[in-house]
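Enquirer: Dumping the structure here so I can ask a few things about it.
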Amino acid sequence: MKNKKINITDLAKKLNLSVSSVSRALNGHKNISEKTKFKILKLAKKYNYSPDLSAKRLASQKSDTIAFIATISPYAPDYVLLEFLAGITLGIKDSSTELLIKFSLNEKEEINYYHNLINSKQADKFIFYRTKQKDYRIELLQKNNINFVSWGRSNSYKNYAWIDMDNYKSIELLMSRLIKFGHKKIALINVHQSFNYGYQRKQAYEKILKENNLKFNKNYYQESLTGTTSNGIALTKFLLDLNNPPTA
């Protein structure tokens, strides 16, 4: 039979320690000896202790909640996004941090969510993706001194945390390989250039064409505004139906 759950005050009394010492040990502070920390953690486990998150958040005036807000299309399933969210969930599973997810159908609605969560203090950390060249979300969060990480970079802002793949290098490698195989008529279906990764990909595409003395053909470069599978199929069909279609 499991031991009855106790609070931090009860735990401190059983250990003959102050509540602050027990709290620091449970929160991983370095000014508590390893011997004392081990003793506290052992007893906490024995009595099935878990912190009162409401009290903790009230005392710290922080929600300890990550918000992920995204504008999505109901017609364009984003399986990469699902993997990304699964990774975030696994990353915080052993902590007291909560994850709040909101999806919107347009950017205006998305920005309203940001304002509401910031003003109500429901979230004190944010993660977002599909970063734009000039991204209002970065400006808003920096202005309010809120911690955030963006999936993707923006050329218009500095001094913020981001993760990203090298979009420029990926197109460079793909183009170089196709050219090595003898292709000279290479098409690119890209995302809209308002997204920074779309801009980076086009820059790399044009650069490799120029370096290999290949002319930029405006018909071979297409941008997908909706990001749906049907839109990608339509653009591919358009390219293949050209009188002088691309070979790659």
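Enquirer: At a Förster radius of 51 Å, what calculated FRET efficiency corresponds to the Cβ-Cβ distance of S104 and Q203, to the nearest 0.05?
Expert: So the FRET efficiency works out to roughly 0.95.
Enquirer: With no solvent and one equal point scatterer placed on each C-alpha of segment 122-207, evaluate the Debye formula and give log10 I(q)/I(0) for q = 0.23 Å⁻¹, two decimals.
Expert: So the normalised log intensities are -1.06.
Enquirer: Still on this structure, I have one more. When the gyration tensor of segment 8-51 is built from Cα positions, what are the square roots of 5 times its three eigenvalues, in whole Å, from largest to smallest?
Expert: Values: eigenvalues 41, 23, 18 Å².
Each semi-axis is the square root of five times an eigenvalue, giving 14, 11, 10 Å.
Enquirer: Looking at the chain only, what percent of DSSP beta bridges run antiparallel? Nearest 5 please.
Expert: On the way: 1 of 23 bridges.
In the chain, approximately 5 percent of DSSP beta bridges are antiparallel ones.
Enquirer: Moving on to the next point. Using only C-alpha atoms and all pairs of different ones, pull out the Kirkwood radius for segment 167-240 in Å with one decimal.
Expert: Values: mean 1/r = 0.0788 Å⁻¹.
Hydrodynamic radius (Kirkwood, Cα pairs) of segment 167-240 is 12.7 Å.
Enquirer: A further question on this structure: Under the rule of at least 5 residues apart or a separate chain, name every residue whose amide H is placed under 5 Å from the amide H of S224.
Expert: For S224, whose amide H was placed from the backbone, the distant partners under 5 Å are N190, V191, H192.
Enquirer: At 222 nm, what helix-only mean residue ellipticity would the chain give, in deg cm²/dmol to the nearest 500, using -39500 (n - 2.57) for each DSSP H run of four or more?
Expert: Details: 10 runs with 115 residues, N = 248.
Computed ellipticity for the chain at 222 nm equals -14000 deg cm²/dmol.
Enquirer: Right, another one. Using the Cα centre of the chain as origin and beta-carbon charges of +1 (Lys, Arg) and -1 (Asp, Glu), tell me which of Q203, S224, N213 is placed farthest towards the positive end of the dipole.
Expert: Of the listed residues, the answer is Q203.
Enquirer: Enumerate the whole-percent occupancy of each 10 Å bin, from 0 to the last occupied one, for all C-alpha pair distances of segment 141-190.
Expert: Computed distribution, short to long bins: 19, 35, 21, 17, 7, 1.
Enquirer: Hey, another quick one. Distances over 34 Å make up what percent of all Cα-Cα pairs in the chain? Kindly include the intermediate steps, with their values, before the conclusion.
Expert: Working: 12507 of 30628 pairs.
Summing the P(r) tail past 34 Å for the chain gives 41 percent.
Enquirer: Another question about this same structure. With only alpha-carbon pairs counted, each pair once and no self-pairs, how large is the Kirkwood hydrodynamic radius of segment 60-163 in angstroms?
Expert: Values: mean 1/r = 0.0700 Å⁻¹.
Final number for the Kirkwood radius of segment 60-163 is 14.3 Å.
Enquirer: May I ask you to evaluate 6.51 cos²θ - 1.76 cosθ + 1.60, the Karplus curve with θ = phi - 60°, for each residue of segment 146-158 and list the ³J(HN,Hα) values in order in whole Hz, giving x for glycine and proline?
Expert: Using θ = phi - 60°, the values come out as 10, 5, 7, 10, 9, 8, x, 10, 10, 7, 9, 9, 10 Hz.
Enquirer: Treat the count of other C-beta atoms within 10 Å as a stand-in for reagent exposure and order F84, F68 from fewest to most.
Expert: On the way: F84 17, F68 20.
Fewest-to-most ranking of F84, F68: F84, F68.
Enquirer: Rg to Rh for segment 173-213: what is it, with Cα atoms only and Rh by Kirkwood?
Expert: On the way: Rg = 10.7 Å, Rh = 10.8 Å.
Value, to two decimals: 0.99.
Enquirer: Still on this structure, please answer the following. Highest first, please rank the peptides 127-140, 161-174, 228-241 by the mean number of other Cβ atoms sitting within 10 Å of their residues. Mind showing how you got there, number by number?
Expert: Numbers: 127-140: 18.6, 161-174: 14.6, 228-241: 12.9.
So the order, starting with the most tightly packed, is 127-140, 161-174, 228-241.
Any read-out appearing in this document is the output of simple, stated calculations on the displayed coordinates, not a laboratory observation. Worth saying up front: this structure is predicted, and the values here are computed from it rather than measured. Using ideal geometry, Cβ is built from the backbone for each residue, glycine included, and neighbour counts are taken over all protein chains shown.
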